[in-house]
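The structure appears below as structure tokens.
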Amino acid sequence: MRANKAMEKQQNSLPLHVSHVKKSSLIINRSLVLLHFTSLAFLVYYRVSYFFQVSNARAAPLLPWLLVFAAELLLSFQWLLGIAYRWRPISRTVFPERLPEADQLPGIDVFICTADPTKEPTVEVMNTVLSAMALDYPPEKLHVYLSDDGGASITLLGMREAWKFARSWLPFCKRFGIKTICPEAYFSDPENGDGDSGNAEFIVEREKIKEKYTEFKERVTRAIEKWGLENEGISRSRDHPSVVEVIGENDNEAANEEQQMNNKMPLLVYVAREKRPSHPHNFKAGALNVLLRVSGVMSNSPYILMLDCDMYCNDPTSARQAMCFHIDPKISSSLAFVQFPQKFHNISQDDIYDSQLRYIFWSLWYGMDGLKGPIVSGTNFYMKREALYSVSMQEGIDLTELKNSFGPSNEFLKSLRRNSKPSRYDNDSSSTLLQESKFLASCAYESNSKWGEKVGFMYHSLVEDYFTGFKQLHCKGWRSVYLNPERPQFLGTSTTNLNDSLVQGTRWSSGLVQVAISKYCPLIYGPPRMSLLESMAYADLGMFPLLNCLPLWCFATVPQLCLLHGIPLYPEVSSSSFPIFVFVFLSALSKHLYEVLSTSGSIKIWRNEQRIWMIRAVTCQLYGSLNAIMHKLGLAEASFSATNKVADDEQVKLYGMGKFDFRTSKMFLAPLVTIILLNIAAFVCGAIRSTIIKGDWDKMFVQISLPFYILVMNYAIIEGMIVRKDNGRIPPSVTLSSALLSGIFLPLVSIILRH
Ligand SMILES: O=c1ccn([C@@H]2O[C@H](COP(=O)(O)OP(=O)(O)O[C@H]3O[C@H](CO)[C@@H](O)[C@H](O)[C@H]3O)[C@@H](O)[C@H]2O)c(=O)[nH]1
Ligand SMILES: [Mn+2]
């Protein structure tokens, strides 16, 4: 109701947000598309006409030739899909100062997920909780829920401690206008300029709060030590009943103080859903669905902010910024969510693993915003609750039908109808509501319902965000917007070592390919439901692991093996078709270079991104794709291994120096080492053979240049194999065994290729 009033008022006043098309990128992008398209057309013409030559006029056996052509086609197809992102990039600005009065703003529920207290340190998780509580929003309209999939008592204890500290932290932030509302970030950077350092009162207060924060951390750390000893070797995360606790509920002293000082606190709720080994728990999507239900009966805010536990609020204004879109009557009825970028506090200058996902958040999402909006990106978005329920909530819907979709809780069904009227959790009904919440968080609740399939977050894929955004939202006509203000609104912990980055990449690839090879493949499921460009953008993301790993494996091996046998696969330097290949290669590189440079990157960043693109394609994208295929065949189970957020000093140091940390499994190292060894062999032998012995270098020019390029770009791997002596190098045993394996395996492949 209130939100509606706010909307009416808004109708006639100044706009809350504006968008503008990025004209110069649009022109440059479309020109590059035209150039690249023309050169690709020539390339395909060359290959196809070669194919129709009389067989004895052909210089190469058919198989390797077909393989490189297929690889060229796959990469070209991927490029074609990617046009969608470049077509019409837009950017947005908001004017939160034009928002209506606080009492007219709609309620917000914040969902934070944590899964494992050993990988996700409790103090860090509590910092996320505290930062969310300190958002600049009316406290009675803000409700923070933490889902603990670890079911760990230490997390609950951490919440109680965090609540106590919040009673000092929140008023402090408000009183002095603190922007860095995450206490750890605030206190670890004394020069952040937040607050008035000339003000004596502020300085005294800050010292007091700092002390309180240190005490808070000490109490949690002591509790962790105790908990660690008691729980050594026991894992409760898979077998426990549901626990729901409203934090600070029975704290009478606090309640009095709240009243006296007019110092209201947001509602804070701990939820550990029931887990039983016999029940699939559907990872993060399962946790989010439980939070949707529990919050539905407790606060039922019409908007939800989703946060991972490793992603804290770095600025108090994101909620108000997001509301600039959500309460705008012109777009509100079709707007599902406002997405902010994922940005990270632990990125080094070189960012060798592309941990900041620059490409996605600095370029692709602007392009999607010009279509129907960016993809749900896991965290940092303000979602309309109703969009996830995917039923229109008019009165009079059949009750059995609702129960079939949403499960048996009457209390929850009631919340569906009150959608825009949040009912604040109050003491009178507390024990019945808690009972109901525990029921809503039990594992049996979802059986015989449509949760995960038609309602809430989707279970079908390990990348629940991508798939939910696609099937539940954009395919149903909802739209989204992307907002990337200068000051990062959220800051997270990214993976900054090779192992974590590849493990995470394998999970993402597997989840994306799961969708791509199902009936929900965006190219098939999308077009009847959304525009072609939008389907292409979704398809590009869903298929990129497949569209990268196959061609890159091919380019890393086939031309090289053929070079060793003197089989040419490309036109000779003097041929009129030679420039086509040079042009395609340069045009592809320059497109990427333009995108890096125009988003404040450097040539070094460009090189690093090219390198990690190659490394990922032949490792995690291959394994992820295979995993998805095996899963489809019923040969593998889905597993979500959460990334490790505990920093290791040595790893951090190597990452900071821009040096690879090769301490990862053989599964990832073996392909890298094998490919490098093959390329060294091909380059050295091939160059000698075709310049000195045979003198056919102009026929072999491309095939000699390719391994050269690969080796130069990936010098870091050679260095790791041969030059480096530190702990992060590639163990000589791995190099040796890869050499042995390829010594046996490659001659076999060569035999096949020659026939
Ligand atoms: O069974 C689980 C597994 C994970 N999580 C939580 O999910 C979040 C994301 O997990 P994380 O290990 O940090 O994975 P990332 O790869 O960093 O996450 C990215 O990829 C995920 C999909 O794979 C998205 O959900 C995330 O938002 C996105 O940041 C974390 O808060 C976890 O605590 C759960 O709640 N339950
Ligand atoms: Mn994460």
*Is it true that some residue in the range 98-109 is within 22 Å of the chain's Cα centre (by Cα) and either buried (at least 18 other Cβ atoms within 10 Å of the Cβ) or over 30 Å from Lys22 (Cα atoms) (or both)?*
yes
*Only one of (1) assigned to a helix (DSSP H, G or I); (2) at pLDDT 90 or above; (3) within 17 Å of Thr155 (Cβ to Cβ) fails for Glu245. Which number is that?*
(1)
*Would you tally the residues in the range 505-537 being outside any helix (DSSP H, G or I), open to solvent by 30 Å² or more (accessible area, probe 1.4 Å) and among the hydrophobic types (A, V, I, L, M, F, W, C)?*
1
*asked:* With the structure loaded, tell me whether Lys699 is of a type outside the set (Asp, Glu), over 22 Å from Arg611 (Cα atoms), outside any loop (DSSP other than H, G, I, E, B) and touching a Ser or Thr at 6+ places or on another chain (Cβ under 9 Å) or whether it fails that test.
replied: yes
*Out of curiosity, is Val110 touching a residue at least 24 places away in the same chain (Cβ under 8 Å) and either among the small types (Gly, Ala, Ser) or under 21 Å from His565 (Cβ atoms) (or both)?*
no
*Condition check for Glu609: of a type in the set (Asp, Glu), touching a Phe, Trp or Tyr at 6+ places or on another chain (Cβ under 8 Å), outside any helix (DSSP H, G or I) and touching a residue at least 40 places away in the same chain (Cβ under 8 Å)*: no
_Checking Ala444 against (1) open to solvent by 10 Å² or more (accessible area, probe 1.4 Å); (2) among the aliphatic types (A, V, I, L, M); (3) closer than 22 Å to Asp369 by Cβ, only one condition comes out false. Which one?_
(3)
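Can you report the number of residues in the range 618-647 which are closer than 11 Å to Asn497 by Cβ and open to solvent by 60 Å² or more (accessible area, probe 1.4 Å)?
Number satisfying all stated conditions: 2.
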_Residue identified as more than 18 Å from the chain's Cα centre (by Cα) and of a type in the set (Gly, Ala, Ser) among Ser355, Ser363, Ser299_ = Ser299
*Which one is nearest to Thr128 (Cα to Cα) among residues in the range 488-500 that are of a type in the set (S, T, N, Q) and near ligand 1 (Cβ under 10 Å from one of its atoms)?*
Thr493
_Here's a check for you: in the range 623-643, which residue that is part of a helix (DSSP H, G or I) and hydroxyl-bearing (Ser, Thr, Tyr) is farthest from ligand 2 (Cβ to nearest atom)?_
Ser625
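Yes or no, residue by residue, for (1) at pLDDT 95 or above; (2) within 30 Å of Pro96 (Cβ to Cβ):
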| site | (1), (2) |
| --- | --- |
| Arg479 | yes, yes |
| Tyr482 | yes, yes |
| Asn497 | no, no |
| Cys554 | yes, no |
*For the range 111-148, name all the residues that are among the acidic types (Asp, Glu), open to solvent by 20 Å² or more (accessible area, probe 1.4 Å) and either within 9 Å of ligand 1 (Cβ to nearest atom) or at pLDDT below 95 (or both).*
Asp116, Glu140
*Would you say Ala287 is within 16 Å of ligand 2 (Cβ to nearest atom) and either buried (at least 21 other Cβ atoms within 10 Å of the Cβ) or of a type in the set (Gly, Ala, Ser) (or both)?*
yes
*Unique match (being away from ligand 2 (no atom under 16 Å from the Cβ), more than 30 Å from Gln610 (Cα to Cα), in contact with a Gly (Cβ under 7 Å, 6 or more places away or on another chain) and open to solvent by 20 Å² or more (accessible area, probe 1.4 Å)) among Ser334, Ser299, Ser278*: Ser334
*Restricting attention to the range 675-699, which residues are within 10 Å of Gly566 (Cα to Cα), buried (at least 21 other Cβ atoms within 10 Å of the Cβ) and either modelled with pLDDT under 85 or not basic (Lys, Arg) (or both)?*
Gly686, Ser690
*Residue count for the range 458-471, restricted to those that are within 16 Å of ligand 2 (Cβ to nearest atom) and either open to solvent by less than 10 Å² (accessible area, probe 1.4 Å) or part of a loop (DSSP other than H, G, I, E, B) (or both)*: 3
*Output the residues belonging to the range 1-51 that are under 21 Å from Leu483 (Cα atoms) and at pLDDT below 80.*
Met7, Gln10
*Using the structure shown, decide if Asp351 is acidic (Asp, Glu), open to solvent by less than 10 Å² (accessible area, probe 1.4 Å) and more than 14 Å from ligand 1 (Cβ to nearest atom).*
yes
*Which of the residues that make up the range 259-270 are within 29 Å of Ala642 (Cα to Cα) and either within 11 Å of ligand 1 (Cβ to nearest atom) or more than 27 Å from the chain's Cα centre (by Cα) (or both)?*
Pro266, Leu267
*Which residues, counting only those in the range 306-331, are away from ligand 2 (no atom under 16 Å from the Cβ), of a type outside the set (Ser, Thr, Tyr) and under 27 Å from Thr493 (Cβ atoms)?*
Asp315, Pro316, Ala319, Arg320, Gln321, Ala322
*For residues that are acidic (Asp, Glu) and within 25 Å of Leu672 (Cα to Cα), scanning just the range 614-650, find the one that is farthest from ligand 1 (Cβ to nearest atom).*
Glu650
*Could you please let me know if Ser318 is farther than 21 Å from Ser598 by Cβ and open to solvent by 10 Å² or more (accessible area, probe 1.4 Å)?*
no
_Given the criteria of a type outside the set (S, T, N, Q) and surrounded by 15 or more Cβ atoms within 10 Å (Cβ to Cβ), does Leu740 qualify?_
no
_If I ask for residues that are open to solvent by 10 Å² or more (accessible area, probe 1.4 Å) and under 17 Å from Leu541 (Cα atoms), which ones from the range 472-489 would you list?_
Cys475
*Say whether the condition of being in a loop (DSSP other than H, G, I, E, B), within 13 Å of ligand 1 (Cβ to nearest atom), in contact with a His (Cβ under 9 Å, 6 or more places away or on another chain) and not polar (S, T, N, Q) is met by at least one residue in the range 311-324.*
no
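The values are calculated or read from the model by the stated rules, or taken from the named source; none is laboratory data. Predicted model only: the values in this text are computed from it and were never measured. Neighbour counts are summed over all protein chains in view; Cβ atoms, including those assigned to glycine, are modelled from backbone coordinates with ideal geometry. Just the protein is used for accessible areas: all its heavy atoms, side chains included, with ligands, DNA and RNA removed. Shrake-Rupley method; radii C 1.70, N 1.55, O 1.52, S 1.80 Å.
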